[in-house]
Amino acid sequence: MDILFLILIIPLFSALILFITPSNLKLISTLHIALSALTSLAIFSSIAKLISGGEYYAFNQILFLDYLGAAFLVLVAITGFFSNLYATSYFKWHFQTGHTTLKHIKLNLALAHIAIFTMTLSCISNNLAIMWAAIEATTLATVFMVVSKDNKKSLESGYKYILICSVGLAFAMFATILLYSSSLNTLGDEQSAILFSQLLPLAGSLNPHVLMLVFIFALIGFGTKAGLVPTHTWLPDAHSQGPAPTSALLSGIVLKIAMLGLIRYYAIVANSAGFGFVENAMLISGVLTLFVAAFFLIHQHDVKRMFAYHSIAHMGVIAFALGIGGRLGIFAAIFHCLAHSFTKALAFLTTGNMTRIYGTNDMHKMGNMINIAPLTTVLFGVSICSLVGVPAFAIFVSEFLTFKAAILGGKFIEVGLFAIALAIIFVADFSHFFMASFGKTVGEVKFGSEMSLWENLPLIALAFLVIAFGIWQFDSFWYLVENGVNEIKGF
Amino acid sequence: MEVLTILMMISSVLVFGFRSYKLSILSYVFQAFCLVSLFFLLANLHGAKELFSWAIIAFFMKVCLVPAIIFYLVKKLNLIHENEPTGGFLVSIVIAFGFSIATAMVIAPIFGEFSLIKNETALVASIFIFMMGIFGFILRNSFIKQILAYCLFENGIHLSLALSAYNSHSLVELGILTDAIFAVIIMSVLAYHYHKTFGHVDISKASNLKG
């Protein structure tokens, strides 16, 4: 069986197994971990095949694995696995304290595999309409992972999530239809007129004016799902209300998958209407997103809500880097997707530990975490350091490259705006970090010790990756990103 | 063909405008039936055999399944009339109609340049219905009306797809329809829990998450 089929079938099969498995916590947890590992291994095999032999196709070219898609599949495999691994500990705590039921745990874990399936399909769809359907399906798969309780806040967040994302993505569907009818008219071949791999080299022959409209629709559509301002309003609610592993999955991968959708349109439209148009659109969107997120970030004292606004801010960074453009800018944007995925997954998983310790997300009711759970505090610190772009952490690399690309491109006003936004985020983050980690305990301590090493393993692994990608250059991943940039630039 | 597309436009205004949920749902059924008839007609007129299968699938999904789900939901929650939306019933219809028709007139010629089926009225209708759905989402406060608005712009998308790209791979149509059905089911389940928790379906009164 083709490996591209396999990486789709395994998560679907995993979800089915979890649905029908008897409600035994140990059994479903073990199965969940084993099946997640199997999915990730299969994904890595597919990427290895790409690295050794170049792009390949399946199912009449409807599925493919290109370098750009593979760079994002890395996130699905790594972040997905560690989020799933942590989910077993997280739900066990909640089950032991009577906050959840086995039925709910089973549903959540099974849905996580369906979410992995939809995200994998989004990465390997050569057909842009199927990619759209897969991205829309990521919302549908995760909505009941967000609505984890029958309370007002949870339901409100779920309502906003599904409605706003579905309405937003409707615009992306319109973009897809318009692109197809326009390309069909030019290319005359109904099979290739919707395939990314066929459209990209022929983009120069498409009508640039129509493609500009296509890009605006795509930016509204995928931008809504990615959390770009002004249609970001669902994101802080959904990310803050869902369980920690769900937030990690949403922020770590789902947002990036929407960004991949937008990048594919960016590539086609840039090669038709010119890079100037798409870069300007992304710059405006990026700067607006950065400043709005920075403003709201300052006011947050709910740790999960704070990280949710961070996600918006970093989507702004990615949009900004795409707006700066050039080889370096695009490279920085794709690299930032990976760096932010690991960092944000670590950050949200750390909030799972914090919620267990204090029984709340409110940082005003925390304090003295350094003495209660020193490893969790260090891991929280690693995520904060990376999020604000401290050197030797993964996000520093992409933010430095963005600065470099902007300065080399002579975009000094943009550099200034970027620096101001990042400075606001820096101040907001460290003040929050100190509030929760040091000083006296303000509220109640519900669990007064560090988690076990096994429970912290996914966090330690993610922290290692955050630092490793900040220090070393992983040739295989850089190879994927560099070739992904080549694809976008039309080389 | 023109008659069917105009009927679809009228029905989208009715879905948007009726205070009674039951009448809104019936208007949606009528619109979905017009869409299915249009698929059959286009399939005959243009020899687009793909549209025959679209029509059959759309009949079961849009004419039968989706309205049945929403109707069941409304009955289960014992909802009869929608609360007064922001700005009032009449004003919201005028705003939605005005902006939707204006947007449709601007965008339809662009679609028309490349569309496989170059029928101006149908192209205007497809964008008009889509925009009525978008305004339904923006201007109506009822969760049920917003689900219907979602169904409206989904119909608009399907009409656009049939006019512009009926020869796209059948997997595309299947993917979009599956997404839509799941979305309606999930939204309905959410609306049910929402009503159970809040005691109403007015989303403007839900303000637990701000800032």
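What follows draws every value from the coordinates through simple rules; no lab data is involved. None of these values were measured; they are calculated from a predicted model. FYI the Cβ positions are ideal-geometry reconstructions off the backbone, even for glycines, and counts take in every protein chain you see.
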Mean residue ellipticity (222 nm) of chain B, computed from DSSP H runs ≥ 4 via -39,500 (n - 2.57), nearest 500: -26000 deg cm²/dmol
For the stretch A:390-491, just the Cα set please: Rg and Dmax, both in angstrom. 19.2, 59
Output field shielding_mean for A:165-172 (other chain Cβ, 10 Å radius) holds 4
Looking only at other chains, what is the average number of their beta-carbon atoms within 10 angstrom of each beta-carbon in B:170-177? 5
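For the peptides A:333-339, B:62-68, what is the packing order when you average, over each peptide's residues, the other Cβ atoms within 10 Å and list the highest mean first?
A:333-339, B:62-68
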Which listed residue (A:259, A:408, A:311) has the Cα farthest towards the positive end of the charge dipole for the protein assembly as shown, taking +1 on Lys and Arg C-beta and -1 on Asp and Glu C-beta about the Cα centre? A:311
Which value, in debye to the nearest 20, describes the size of the charge dipole of the stretch B:29-165 about its Cα centre when Lys and Arg Cβ atoms bear +1, Asp and Glu Cβ atoms bear -1, and nothing else is charged? 320 debye
If contacts are Cα pairs under 8 angstrom and at least 6 residues apart, what is the relative contact order of chain A in percent? 16 percent
Among A:272, A:345, A:420, whose Cα projects farthest towards the positive end of the dipole of the stretch A:3-489, with charges put on the beta-carbon of Lys, Arg (+1) and Asp, Glu (-1)? A:345
Shielding score for A:181-189, defined as the mean number of other chain Cβ atoms within 10 Å: 4
Mean-position separation - Cα centroids, the stretch A:215-270 and the stretch A:343-393, in angstrom: 24 Å
Towards the positive end of the charge dipole of chain B, with charges on Cβ (+1 Lys, Arg; -1 Asp, Glu), say which of B:91, B:128, B:71 has the farthest Cα. B:71
So how do A:363-370, B:26-33 stack up, highest first, on mean other-Cβ count within 10 Å? B:26-33, A:363-370
Determine the distance separating the Cα centre of the stretch B:115-154 from the Cα centre of the stretch B:1-65; give it in Å without decimals. 12 Å
Sequence neighbours fewer than 8 away in the same chain don't count; with that in mind, list the lysines whose C-alpha is under 19 Å from residue A:106. A:26, A:92, A:149
Going by the alpha-carbon gyration tensor, a ≥ b ≥ c the square roots of its eigenvalues, is the stretch B:115-206 rounded (a/c under 1.5) or, if a/c is not under 1.5, prolate (a/b greater than b/c) versus oblate? oblate
Checking rank on A:254-267, A:432-445, B:8-21, with mean other Cβ inside 10 Å and highest first, the result is A:254-267, B:8-21, A:432-445
Among the listed pairs B:62/B:118; A:103/A:446; A:153/B:205; A:256/A:489; A:153/A:304; B:49/B:118, those beyond 23 Å (Cα-Cα): B:62/B:118; A:103/A:446
Quick one: putting +1 on the C-beta of Lys and Arg, -1 on the C-beta of Asp and Glu, what dipole do you get for the stretch A:40-189 around its Cα centre, in Debye to the nearest 20? 720 debye
Counting all Cα-Cα pairs in the stretch A:244-316, those more than 19 Å apart amount in percent to 46 percent
Considering the Cα positions of the stretch A:3-489, please state its Rg to one decimal place and its Dmax as a whole number of Å. 21.2, 70
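Using a simple charge model, +1 on the beta-carbon of Lys and Arg, -1 on the beta-carbon of Asp and Glu, nothing else, what dipole does chain A show about its Cα centre, in debye to the nearest 20?
980 debye
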Whole-Hz Karplus couplings 3J(HN,Hα) for the stretch B:59-73, θ = phi - 60° and coefficients 6.51, -1.76, 1.60, Gly and Pro as x, run 4, 5, 7, 8, 7, 9, 5, 4, x, 4, 4, 5, 5, 4, 4
What residues qualify as long-range amide H neighbours of residue A:302, i.e. H under 5 Å apart, gap of 5 or more or another chain, H built at 1.01 Å from N? A:363
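Tell me the volume per residue, in Å³, of the convex hull enclosing the alpha carbons of the stretch A:1-112.
96 Å³
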